[in-house]
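Undergrad: The structure follows.
The values are calculated or read from the model by the stated rules, or taken from the named source; none is laboratory data. Since this is a predicted model, take the numbers as computed values, not measurements. As a convention, Cβ positions derive from the backbone with ideal geometry for all residues, glycine included, and neighbour counts pool all protein chains shown. Accessible surface is based on the protein model in full, side chains and every heavy atom, while ligands, DNA and RNA are left aside. Shrake-Rupley method; radii C 1.70, N 1.55, O 1.52, S 1.80 Å.
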Amino acid sequence: MAKLILLSDLKENDRLLNKLEDIFGGIKPSIAYIPSCSDPDRAYFKATTEFYNKIGIENIEYKDLDEEYDEIVTSNIFEHNAIHLSGGNTFYFLHLLRKRGFIDSLRTYVSNGGILIGVSAGSLLMTKTIELAGYGEDGDLNGVGLKDMKALGLVEFEFLPHWDGSEKTEQSISRYAKAKDITVYLCRDGDAVVVNNTKIEFIGDIRVIN
């Protein structure tokens, strides 16, 4: 059992908003928002809140695992209908999840029917490894010196957000996929990969490399 939404960014479109409503099954869910690092001005949290407000979701709680971490505040994260993993530096985000002991808890949450929504870094974390987080000139920097790239392992494929549609990137990822014997989904901003139990659905122009 898995209900996962892997986004490249939060650029809204009608198909995505409709799919979110479908995944939520007609209820107005509560969402726990986990940032990749502290967001003291709540700039990214506010943008995410506005996105969900478009489909009438109002109950969104900010749950910091970084500088504002409070075990009491985060204790009810897994009671929410959905958890939103933000974008940001993927290496640091994985480091935080491990530091707070959230890896196994997130896996259990998903296996028990919880909905997991990721944006960029948050999407990469759902795969087996975050190796592609450092891909390209604009890739994330591994500032925490992370050596173990193993992530949540909720899906069998890897995910590359912010695909620019270039043939150069496609060819490069093709070599990576062949060497790793893995399937990679290339996702443009505004598009998404939706996993609903055993069914995988694409929203937008997702390129499949295998």
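Undergrad: Do any helices (runs of 4 or more DSSP H) entirely within segment 1-98 hold 3 or more residues that are surrounded by 14 or more Cβ atoms within 10 Å (Cβ to Cβ), and if so, which? I'd like the intermediate steps shown before the answer.
TA: Details: elements: 14-23, 43-53, 71-74.
Qualifying helices (runs of 4 or more DSSP H): 14-23, 43-53.
Undergrad: So the check is Cβ under 6 Å with 6+ separation or different chains; which pairs have a first residue in segment 68-88 that's more than 12 Å from Ile115 (Cβ to Cβ) and a second one that's among the charged types (D, E, K, R)?
TA: Close Cβ pairs (under 6 Å, with a partner that is among the charged types (D, E, K, R)) amount to Thr74/Lys63; Ile77/Lys63.
Undergrad: Would you check if Val119 is within 17 Å of Leu96 (Cα to Cα) and surrounded by fewer than 21 Cβ atoms within 10 Å (Cβ to Cβ)? Before the answer, list the steps.
TA: On the way: within 17 Å of Leu96 (Cα to Cα): yes; surrounded by fewer than 21 Cβ atoms within 10 Å (Cβ to Cβ): no.
The answer is no for Val119.
Undergrad: Going by what's in this entry, would Glu201 be described as touching a strand residue (DSSP E or B) at 6+ places or on another chain (Cβ under 6 Å), open to solvent by less than 30 Å² (accessible area, probe 1.4 Å), of a type outside the set (Val, Ile, Thr) and closer than 15 Å to Ile5 by Cα?
TA: Numbers: touching a strand residue (DSSP E or B) at 6+ places or on another chain (Cβ under 6 Å): yes; open to solvent by less than 30 Å² (accessible area, probe 1.4 Å): no; of a type outside the set (Val, Ile, Thr): yes; closer than 15 Å to Ile5 by Cα: yes.
No, not satisfied.
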